[in-house]
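Q: Before we start, here is the structure in question, set down as structure tokens.
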Amino acid sequence: MSQFFDEMTNGATEPRPLYDRIAEWLRVSPPALLDSRREQAEILFRKIGITFAVYGDKEAAERLIPFDIIPRLLGRDEWTRLEAGLIQRVKALNMFLTDIYGRQDILRAGIVPSDLIFRNECYRPEMQGHSAPHDIWTHIAGIDIVRIDEEDFYVLEDNCRTPSGVSYMLEDREMMMRLLPGLFSQHAVLPVDNYPDNLLASLRSVAPPHCPGDPCIIILTPGQFNSAYYEHSFLADKLGVELVEGRDLTVRDDVVYMRTTEGLKRVDVIYRRVDDDFLDPLVFRPDSALGVAGLMGAYLAGNVTLANAPGAGVADDKAVYTYMPDIIRFYLGEEAKLKNVRTWRCREPDSLKYVLEHLSELVVKEVNGSGGYGMLVGPHASKEQIETFRQKLLSDPDGFIAQPTLSLSTCPTSFPGGVAPRHVDLRPFVLSSADGARIVPGGLTRVALKEGSLVVNSSQGGGTKDTWVLATNAK
Amino acid sequence: MRARVSLQIEASYSEPTRSANQVLRLTPRPFDGLHVLDWFVGVEPVATLRRSEDGFGNIVHSCSHAGPLEKIVITAEGLVETQDVAGVARGLNEKQPLDLFLRPHEDAEEIAAFAAKELGGEKDRLSRLHLLMAALHEKLNHAPSDAAPRPVADVFADGEGSAREIAQVLVAAMRAQDIPARFVSGLLLDGAEGAAFHAWAEAYIDDIGWIGFDAALGFCPRDTHLRLAHGVGFFGAAPRRAAISGYAEEKVEKRLTISAARQASWQIQQ
């Protein structure tokens, strides 16, 4: 038990001061109360219709992500440290992308090997020589954070493409205020509900220069069969902007228009939740029916801003991740405030040798994978799984990285009949705009509901928790 | 050779479409083996043609049409003077690093095995490239067509393909040998029948640069090859990409005419 950092108790019998009231509440609440609150939460989520599609699972095409009613707490001092690190990291990511699609100083300086960038499918040659408006490539970044002790935050992964989950951050908060108003009012919880306002302000700030006064902002979704469609419609609703699909847009002479009942309306900023590959059938995949023909032409002509910018995915590659401390040092002349998890790059022969010898202890990930698909968790894998992965590694070492099995921190989590610690991570959302970075205090806490499991991805049976950043310090 | 080239592409739709967007790579870019004396790209119905340069340095025209639209006619014509430079493409505006052209090709295991077997222990890169071209020319029957290329594995298994399909297989084979390789689209100036567009591959050799290899015909590009564009694969170098909104079927007809092919002055002087 003691090998993990428990955020409530830290291995002691008394809770950390931060968690005093939560511990007290858990002590006095009868199990029936927690059970009924949990059931109410599920009914409410079902009514609202927050669902999530799991790819490759026909039985449960639309599933509810389990919600845990015990909040996860962070002190203001902890948050302040985390926030500074996140801003630093996202600033470096944007500078990195500007450089890669521009002068490529970092490659010439030999900091990052160039084959890692150019052989990566996410590097878009179409963007070479073009700058993104205001040099912002990743307007919305989701940085996955884990804790393994009381002091340090580690970055597990950067998400620079179209990170999802922010709707859960907002819905979970509403749910807590509704279900447990007493507990909520005992804590001075910093608000997250200004996220939609911040997002709107960020998107406004990057509108093309020609744009008069009020830019027309839209959200482009792949449609209702996308796993995050709920979030797309949720955000459109909160932002008060139109939710459109590719077929609702048309491009004429490098200008994007939306078809409306009153005719064509010019579009200035597109928050797109469609992957690069599907954005424009004239430039990327020709068989894409989700995108808009001519969209890239309009973007490169500077007539519309795409958030996030095409080609931003090259920065969140898991192999590039391993160079992040160097990338931050190169552009900002600072040491990284958030630590990287120790990572072996299987492309390096010595590392590959080590990884092959220690497969049963390591977590091996595909460089280009996401959502917890295609990874090996050594300690939990069968012999056959390990052998399969050994073959995969040998045939394509460049495609994999390996990390130690992290002792993710745990938080108390409610189950029928009791409360038990479960492993958690945190995905805060960082907004970059022409006038600086914005982060609401909080994020999406994902919890691995299976006992002992370290995989928190919602596609792999993870749940969510509300994250409370308090106005008081943890220490 | 000096040639007057005239290419007409006529796209007609089974029912009027709401709108159409196109990207055209129909303008040759001059290099050591090519003088472009005069060139014109036009579209009917008349629309603004915006000329730009893509990420590879190709000259691109794009245009959009509002419907209802039954037919679009694209014309590309001009006067060019080509020189036989043994396929070496020197003097182009190279914008991308070699690593980009080493991206492994999808589903190319069979092709990689074939390349390894054919090459045996040959060490010299230039000889390996010639061997690969000859082996694929031998193995794949050239059936001219302007259709979108099938996946390389299918073409390789089938044993027959269009010039663009064979070029993609050759690119995959070269990359499997860790040689930077790219796809080139162009026209043939010798009046060959069957398809308007031709395609071949280019591979990089230190000290020489990019050299063309045409496995469909079995030799390196000569003065009959008019180079239009290059890319990582076909779609980055496609002469024309178009999308329409609506459900109409598109039927495309192409006419390529080459005329007044007289000896170029510099050849006479030699």
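Q: Please work out the Cα center distance from region B:126-192 to region B:10-44, rounded to the nearest Å.
A: 24
Q: With r defined as the distance between the Cβ atoms of A:ASN457 and A:GLU24 and R0 fixed at 35 Å, what FRET efficiency is calculated, to the nearest 0.05? Walk me through the numbers before you get to the answer.
A: Working: r = 33 Å, r/R0 = 0.93.
Taking R0 as 35 Å, the efficiency between A:ASN457 and A:GLU24 is 0.60.
Q: OK, next. Would you list A:CYS211, A:CYS346 from fewest to most Cβ contacts within 10 Å?
A: Fewest-to-most Cβ neighbours within 10 Å comes out as A:CYS211, A:CYS346.
Q: Given 5 Å bins starting at zero, what is the percent of C-alpha pairs of region B:29-164 in each, up to the one with the largest pair distance?
A: 2, 7, 11, 12, 16, 17, 15, 10, 6, 3, 1, 0, 0
Q: Which whole-number percent gives the relative contact order of chain A, counting Cα pairs below 8 Å spaced six or more residues apart?
A: Details: 924 pairs, mean separation 116.8, N = 475.
Over chain A, the number comes to 25 percent.
Q: Another question, if that's okay. Using the crude model of +1 on Lys and Arg Cβ and -1 on Asp and Glu Cβ, and no other charge, please compute the dipole size for the protein assembly as shown relative to its Cα centre, in debye to 20. Working shown, then result.
A: Numbers: 79 positive and 103 negative charges, 158 e Å.
Once rounded to the nearest 20, the dipole reads 760 debye.
Q: In addition: Which of A:TYR299, B:TYR247 comes first, and how do the rest follow, when ranked by fewest Cβ neighbours within 10 Å? Before the final figure, lay out the partial values.
A: On the way: A:TYR299 27, B:TYR247 10.
Fewest-to-most Cβ neighbours within 10 Å comes out as B:TYR247, A:TYR299.
Q: Continuing with this model, one more query. Over region B:16-85, how many percent of alpha carbon pairs lie in each 10 Å bin up to the one with the longest distance?
A: 18, 43, 27, 10, 2
Q: How many Å³ per residue does the convex hull of the Cα positions in chain B occupy? Let's see the in-between values first.
A: Numbers: hull volume 34.6 nm³, N = 270.
Per residue, the Cα convex hull of chain B comes to 128 Å³.
Q: How big is the C-alpha Rg of region A:224-381 next to the rule-of-thumb value 2.2 N^0.38 Å, as a ratio? Write out the running numbers ahead of the final one.
A: Values: Rg = 20.7 Å, N = 158, 2.2 N^0.38 = 15.1 Å.
Compactness ratio reported: 1.37.
Q: In chain A, if the dipole is taken from +1 on Lys/Arg beta carbons and -1 on Asp/Glu beta carbons about the Cα centre, which of A:ILE70, A:MET296, A:LEU200 is farthest to the positive end?
A: With unit charges placed on the Cβ atoms, the residue in question is A:ILE70.
Q: How far apart, in nanometres, would the label points at B:GLU160 and B:LEU37 be if each is projected 7 angstrom from Cα along the Cα-to-Cβ direction?
A: With each label point 7 Å from Cα toward Cβ, the separation is 4.0 nm.
Q: Further question: Roughly how many whole Å is it from the C-alpha centroid of region A:442-470 to that of region A:85-124?
A: 30
Q: Rounded, prolate or oblate: which fits region A:209-303 when a ≥ b ≥ c are the square roots of the eigenvalues of the alpha-carbon gyration tensor, with rounded for a/c under 1.5 and prolate only if a/b beats b/c?
A: On the way: a/c = 1.69, a/b = 1.04, b/c = 1.62.
Judged from the Cα gyration tensor, region A:209-303 comes out oblate (a/c at least 1.5, b/c at or above a/b).
Q: Working from the alpha-carbon coordinates of the protein assembly as shown, get Rg over Rh, Rh being the Kirkwood radius.
A: On the way: Rg = 28.7 Å, Rh = 28.4 Å.
Checking Rg against Rh, the ratio lands at 1.01.
Q: Beyond 24 Å, what share of the Cα-Cα pairs of region B:84-236 remains, rounded to the nearest whole percent? Spell out each step's value before the answer.
A: Details: 2646 of 11628 pairs.
I get 23 percent for the Cα pairs in region B:84-236 exceeding 24 Å.
Q: Out of the GluC sites (Glu not before Pro) in region B:131-210, which ones are loop residues according to DSSP with at most 12 other C-beta atoms within 10 Å?
A: On the way: sites: B:GLU138, B:GLU160, B:GLU165, B:GLU193, B:GLU202; in loops: B:GLU193.
Passing sites in region B:131-210 are B:GLU193.
Q: Compute the Rg/Rh shape ratio of region A:344-404: radius of gyration over Kirkwood radius, all on alpha-carbon atoms.
A: Details: Rg = 10.1 Å, Rh = 11.1 Å.
Looking at region A:344-404, the ratio lands at 0.91.
Q: Check the straight Cα-Cα distances from B:LYS139 and name the lysines below 21 Å, setting aside those fewer than 8 residues away within the same chain.
A: B:LYS117
Q: Go ahead and set up a Gaussian network model of chain B, Cα springs under 10 Å, then flag whichever of B:LEU100, B:LEU226, B:LEU132 fluctuates most.
A: B:LEU100
No lab work stands behind these numbers, since they all come straight from the coordinates. Please read all numbers here as calculations on a predicted model, not as lab measurements. All Cβ positions, even for glycine, are placed from backbone atoms using ideal geometry, and neighbour counts span all protein chains on display.
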